[in-house]
Amino acid sequence: MKTLMMTLVMGLVLGCMAWPVFSSEDDCENGRRIVDGERDSAGYRSKIYGTVEKLPETGLAGIWIVNGREFVVTERTRLEQKHGLIEPGAYVEIKGIKLDNTFTADKIEVKRAKAGAFYGATEQKITGKVEKIPKGTLGTWVIGDKEVLVLKDTVLQEKNGKATLGSLVEVVGIKSGETFKAGRIETQQAIK
């Protein structure tokens, strides 16, 4: 009993001595708070708000134009779309590092959807063969002659084989305007 009590007391003491915890992991690095404008080895950390004007031709990695400025988006950039789709007209928050004239995004979050983007948006299903998959799977797929936007939050269910070129798939998502955002892609058994 005495050993158990000592263990609990030690655990409580060590727990109280732990390093400070911040509410957002996005603003922390190596256990230390990151401040806007702070210089690190890669450049100056910054946070910028603006309207997306242009995205890369294929996929989401590449050069984006936001408020007339170029931003480099990589496969490692975290994209959050809780408040709307990433598309021209969406209002976004971009966190990243600026070095010389290059701003590389670590995280992009849609803060407000494009005006009217979800007005009349409806959930739909598409079934067809996969005709195009971008490198790394994130980005625009072509399924049955339709462009489908696949993002980090898209669920890929491959119970009936891997989703590859020529695979038959069912896509459930939301169509808003000309954009079809995939919520789930499920491989189907080929019809014989």
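Brief remarks follow.
- Taking segment 43-100 as the region of interest, the strands (runs of 3 or more DSSP E) fully inside it that hold 2 or more residues being among the aromatic types (F, W, Y) and either in contact with an Asp or Glu (Cβ under 8 Å, 6 or more places away or on another chain) or not assigned by TED's automatic domain parsing to the domain that holds D153 (or both) are 43-54.
- Residue among K159, K125, K132, K95 that is at pLDDT 85 or above and touching a helix residue (DSSP H, G or I) at 6+ places or on another chain (Cβ under 9 Å): K95
- Scanning segment 104-113 finds one or more residues that are at pLDDT below 90 and either crowded, with 19+ Cβ neighbours inside 10 Å or of a type in the set (S, T, Y) (or both).
- Every pair of residues 6+ apart whose Cβ atoms lie under 6 Å, when the first sits in segment 43-66 and is surrounded by 13 or more Cβ atoms within 10 Å (Cβ to Cβ) while the second is modelled with pLDDT of 90 or more and of a type in the set (S, T, N, Q): A61/T74
- Selection status of N67, at pLDDT below 90 and in contact with a strand residue (DSSP E or B) (Cβ under 9 Å, 6 or more places away or on another chain): yes
- Scanning segment 165-183 for residues that are under 22 Å from the mean Cα position of the chain (by Cα) and either of a type outside the set (D, E, K, R) or not assigned by TED's automatic domain parsing to the domain that holds I133 (or both) returns V171, V172, G173, I174, S176, G177, T179, F180, A182, G183.
The values are calculated or read from the model by the stated rules, or taken from the named source; none is laboratory data. Fair warning: this is a prediction, and the values are worked out from it, not measured in the lab. Glycine gets a Cβ as well: all are built from the backbone with ideal geometry, and neighbour counts include every protein chain shown.
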